[in-house]
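The values are calculated or read from the model by the stated rules, or taken from the named source; none is laboratory data. Please read all numbers here as calculations on a predicted model, not as lab measurements. Heavy atoms of the whole protein, side chains included, go into the accessibility calculation; ligands, DNA and RNA do not. Shrake-Rupley method; radii C 1.70, N 1.55, O 1.52, S 1.80 Å.
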Amino acid sequence: MKNIIKIVILGIVGFGILVYLTAPKNINKIDENQNVTIESLPRYFDVLGKNPYTKMQDLFKEGEEKYLVVLNHDSLVVFKELYKKIDKNNIVLIANISNTPWIVKQIAVNGELEKMYKESKIPLINDSDGTFISTLGQRDTKQNKYFVYKLFTNGEIKKISEGNVKEKALENGLSKDELEKSLKEIVKIFE
C-alpha cells in the first residue's frame, strides 16, 4: 500500500513539474503600435478541421479585406455562435491559447476547440504557440477579452475594436439572453 501511495505522489509531482516546465514564456516581440502588414503574418498555421499547415495565402490575400478576431479564453464560447448571426466570409477567428501549458493543450484544449467549433463556418486558427498574437503585438491576455483587427486592401492590419464577454463564460456557460446580447454587440463591429 505504501508503494502505491509513493507512486501516486510521485506521479502528481511529476505531472506538476511537467506543466511548470512546459508553461509558455512571454513571446510578444512586436510592439502593439508597430505597423503590421499582411507580410508580417505567419506563413503557416493550424486551422481547425483543416490541414495543420495551412498556408497564409489560403486565408489572406493582398487586395482582400478581412477581419481577424483574436479570442481569449471566455470569448471562445461566444464567437462559436457568430456564424449564425452574420453571413460574411471575410472573418477569421484566432484562438489565443498560447498561455496554456503545452501538456494541458495536448490533453484537453485542442480537442475541446474542435468540439466547440465543429459546426462553425468561420475558420478558426489555433494559435497555440502565440505566433499570431506576437505578430499583432497583442499583450492583453485577460480571459474575457477579444480584439478585432482589420486587414485592409493595401495590406495594412489595424486594430479596430476590442471588447469583453461575461467572465468565466467558458467554465460556467452563458444564458441564451446573455449570448444573444453579446452577439448583438459583436455583429455591429462587422456592419
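Annotations
- Among the residues making up the stretch 156-185, those that are open to solvent by less than 40 Å² (accessible area, probe 1.4 Å) and either aromatic (Phe, Trp, Tyr) or modelled with pLDDT of 90 or more (or both) are 157, 161, 163.
Table: residues versus (1) at pLDDT 80 or above; (2) under 11 Å from the mean Cα position of the chain (by Cα); (3) under 20 Å from residue 134 (Cα atoms); (4) among the hydroxyl-bearing types (Ser, Thr, Tyr).
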{"residue": "72", "(1), (2), (3), (4)": "yes, yes, yes, no"}
{"residue": "75", "(1), (2), (3), (4)": "yes, yes, yes, yes"}
{"residue": "87", "(1), (2), (3), (4)": "no, no, no, no"}
{"residue": "90", "(1), (2), (3), (4)": "yes, no, no, no"}
{"residue": "96", "(1), (2), (3), (4)": "yes, yes, yes, no"}
{"residue": "117", "(1), (2), (3), (4)": "yes, no, no, yes"}
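- Subset of the stretch 16-50 (residues that are in a helix (DSSP H, G or I) and either at pLDDT 70 or above or hydroxyl-bearing (Ser, Thr, Tyr) (or both)): 17, 20, 22, 38, 39, 40
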